[in-house]
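K.L.:
Starting off with a structure, shown below.
Every number in this text was worked out from the coordinates using simple rules, so none of it is lab data. What you see is a predicted model, and the numbers here were worked out from it, not measured in a lab. Here the Cβ is made from the backbone with ideal geometry for all residues, glycine too, and neighbour counts use every protein chain on show.
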Amino acid sequence: MEKPIYLKKVIIEGFRSFGKKTEINIDDFNTFIGNNGTGKTTTLQALNKIFSTNPKDRIIEATDFFVSPQEENEQTTNRDLSIDVIFGISTEKLENDGRAAAIFLKNMTINSPEDEPYLHIRLEASWTSEGGASGTVDYNTYYVDRENNSTIASRLQLNSLRMIYVPAVRNPTRILKDSSHSLLSSLIKNVVWAEQTKEKINNENKRLNNDFLSERGMALINDKVRKIWDEFCPDERYGGAKLEISPTDLVAMSKQTQIVFNSSNVEHNYQIDEMGDGSRSLFYISTVKTALEIENELIDLEAENDPIINDTPPLLTMVAIEEPENHISPHLLGKLMNRLLEIAKLKNAQVLLTSHSPAIVKRVDPLKIRHFRIKSREKYTEVHKLSLPNKEDEAYKYIKRAVQTYPELYFAQLVVLGEGDSEEIILPRFFEAKNKNLDEAGISVVPLGGRFVNHLWRLLNQLGIPYITLLDLDKERKGGDWQRIKYVIKELKKLKENDEELNEKLSVFEGQKVVSSEKDLKEAIDALENKNIFFSAPLDIDFMMLKAYGGFYKGLLNDDEGPRYKNKQGKNVKVPKKNTKSLEEDFVKKIEDAVAETLKKDGGTGESYNQEERELMIWYNYFFLGRGKPSTHILALSSIDDETLNTNMPKVIERLLVKAEYLLEGENEK
């Protein structure tokens, strides 16, 4: 639905954590994510400083100004901040609204005939150390034109743009209650009543009060109240005290309107206060949606001469809700998100949400996410819109689905990208054996290291999140071995075009059908490890685990389980659990079949593998090509203690863990 006016962009400089001018593009619905203290709340409060309906929220204080780390040791006498808010305008829609046209069309700006018009509102504030212990703060809000000329914006005009802000405080339901009650009360207060209805209700109220006071007990109490107050009353204006069960006029009665719940399934009328916190929060958000939908209809009905509610609603309401997961249970978050998305589709509303919850983030279109982080040394906020592949590419669908499936990577201090489910199970166990709790360290292991891994690298680079990648070397498999190395280096070059070491290693493989030597291959792998890319060698992590801890995997089997082959006599014979190096013709044939099956179609002959590895491929096929990998790894790892796991740990995993520790320490120093 096209909006007559809509929030398009916020530019913040000098306000709290925004030490550098930062531009944030806004859609109908956006979710702000990032670690604590990165500026998500600050952005909402910046908007609140201009558009809050509460004058106290709009006060600029000395603590609102950004203080750089360099200033802490210096005597600073002056600071400035600015909050620029850009609204897009549909002139056709606004021209149908005389009130809006009078306010905004004369203040709108257009850069060129082919550009769309916009409204530029700026809050400017300055602080000086003079004038008291906290210094002096001056601030004003302006309309700004294309030449940067400014005109004072009146509060009456700005009230046509409203902010409803629900912070992540201890009692958000109270704030939601106040906001929703204020919205509905304003509408109820301005209902246009028919004269006969007003007269009828007023007469009924008077009759009800008279009946109430006619009872002997109530009459006694009422008489005593009036008589004794008359003895005390210092002013005849306040004489004649009496009890009243309900207001006797319609205006007073409408102020006491409340909502009750009388479901057909129960006879009891429930009050709002009887709800749980989560249900109550949802209800108050529902009343915000109710009010906005009514206001939406009122805007359409303004041209009519017979209004049903004599109210002038804002043209746009910005609904900002901070960390709803703090007061709404996980199973209700999906319902909340659906309702907020519906609010965002109204022509008079937009929604801004902050969250730390993967349960919320996974329900958000990645293109609607804004990622906040603190620049390490300068300590100011940076904001990024997620960079995804072109929508027409297959990679776009993959990456979009991936980040929705694994939203925890947005909040990680370190991301380890693996190729599949096996890495997701195995790597956390290795970290655990080294006394590294993934949750406490902020490490996310996600199985997203497939053929679109380069797009994830680009995304993580943009977000400033360090990452390690563990890929399968897949020696002698189609697309593996030196072709895998070459592909990875090429993709890395797209991110790091001027990396001389990568260019040198790539030249080794340029135009070659086969790798020139094992030495060149090892050097390339070493170079990639310096770039935080590791390889499960010689095949994949499943083969590597079987090679290092084969006895534990084979120990999972019962006597009647395990791979078999037919001997010369035609009997099915069990493959020995220990390597035999047997030259028996039928067993050699079993090995050759296993090699072919392991290296797959168009793969090699297995000549780069030693005899022990070739024989191990029989077990690899049995465990990992014929049954579920995750369950096999879970069972085997549960039987391996930390000491054994560390003693037999593959060297590449040891190096990966060392690199992870190094990257985490570097991140903690920021």
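K.L.:
Put +1 on the Cβ of each Lys and Arg and -1 on the Cβ of each Asp and Glu in the range 220-357; which of 243, 353, 228 then has its Cα farthest toward the positive end of the dipole?
P.N.:
Of the candidates, 353 comes out farthest on the positive side.
K.L.:
FRET efficiency for residue 193 and residue 236, Cβ-Cβ distance as r, R0 = 41 Å, nearest 0.05?
P.N.:
On the way: r = 33 Å, r/R0 = 0.80.
Efficiency computed from Cβ-Cβ geometry: 0.80.
K.L.:
Lys/Arg Cβ at +1, Asp/Glu Cβ at -1, dipole of the chain taken about the Cα centre: which of 626, 384, 450 is farthest positive-ward?
P.N.:
About the Cα centre, the residue reaching furthest to the positive side is 626.
K.L.:
Subtracting the Cα-Cα distance from 0.36 nm times the residue separation, let me have the gained length for residue 394 to residue 338 in nm, one decimal. The partial results should precede the final answer.
P.N.:
Details: separation 56, 0.36 × 56 = 20.16 nm, distance 2.72 nm.
Answer, rounded to one decimal: 17.4 nm.
K.L.:
So if we plug the beta-carbon distance of residue 308 and residue 501 into 1/(1 + (r/R0)^6) with R0 = 60 Å, what FRET efficiency do we get, rounded to 0.05? Don't skip to the answer; put the middle values down first.
P.N.:
Working: r = 73 Å, r/R0 = 1.22.
In this case the efficiency is close to 0.25.
K.L.:
Dipole magnitude of the chain about its Cα centre, charges +1 at Lys/Arg Cβ and -1 at Asp/Glu Cβ only, in debye to the nearest 20? Let's see the in-between values first.
P.N.:
Details: 92 positive and 107 negative charges, 235 e Å.
Rounded to the nearest 20 debye, it is 1140 debye.
K.L.:
Percent of alpha carbon pairs in the chain separated by more than 42 Å? Don't jump to the answer; show the numbers that get you there.
P.N.:
Numbers: 107731 of 224115 pairs.
The calculated P(r) of the chain puts 48 percent of pairs beyond 42 Å.
K.L.:
If you don't mind, another one. Provide 112, 90, 182 in ascending order of the number of other Cβ atoms located within 10 Å of each residue's Cβ, fewest first.
P.N.:
Working: 112 6, 90 16, 182 13.
Placing the least packed residue first, the sequence is 112, 182, 90.
K.L.:
Next question, about the same structure. Please arrange 362, 345 by how many other C-beta atoms lie within 10 Å of their C-beta, fewest to most. Don't jump to the answer; show the numbers that get you there.
P.N.:
Values: 362 17, 345 13.
Going from sparsest to densest Cβ surroundings: 345, 362.
K.L.:
Hey, rough spin-label estimate for residue 634 and residue 490, points 7 angstrom out along Cα→Cβ, what's it come to in nanometres?
P.N.:
Result: 3.9 nm between the two label points.
K.L.:
Let me ask another. Taking 23 Å as the cut-off for C-alpha to C-alpha distance, list the pairs among 436/519; 20/49; 486/601; 547/629 that go past it.
P.N.:
On the way: 436/519 34 Å; 20/49 19 Å; 486/601 21 Å; 547/629 15 Å.
Long pairs (Cα-Cα over 23 Å): 436/519.
K.L.:
Counting other beta carbons within 10 Å of each Cβ, put 528, 557, 546 in order, fewest first. Display every interim value, and only then the final one.
P.N.:
On the way: 528 21, 557 15, 546 24.
Ordered from fewest to most neighbouring Cβ atoms within 10 Å, 528, 557, 546 come out as 557, 528, 546.
K.L.:
Let me ask something else. How high is the relative contact order of the chain, in percent, counting Cα pairs under 8 Å that sit 6 or more residues apart?
P.N.:
Values: 1004 pairs, mean separation 83.9, N = 670.
Relative contact order, the chain: 13 percent.
K.L.:
What spacing in nm lies between the two simple spin-label points modelled at residue 367 and residue 256, each 7 Å away from Cα in the Cβ direction?
P.N.:
Between residue 367 and residue 256, the simple spin-label model gives 5.3 nm.
K.L.:
Next question. May I ask what percent, to the nearest 5, of DSSP beta bridges between residues of the chain are antiparallel? Present the calculation step by step, with values, prior to reporting the outcome.
P.N.:
Details: 48 of 81 bridges.
About 60 percent, rounded to the nearest 5.
K.L.:
A further question on this structure: How large is the dipole of the range 1-86 about the Cα centre if only Lys and Arg carry +1 and Asp and Glu carry -1, each at its Cβ, rounded to the nearest 20 debye?
P.N.:
Values: 11 positive and 13 negative charges, 44 e Å.
That gives a dipole near 220 debye.
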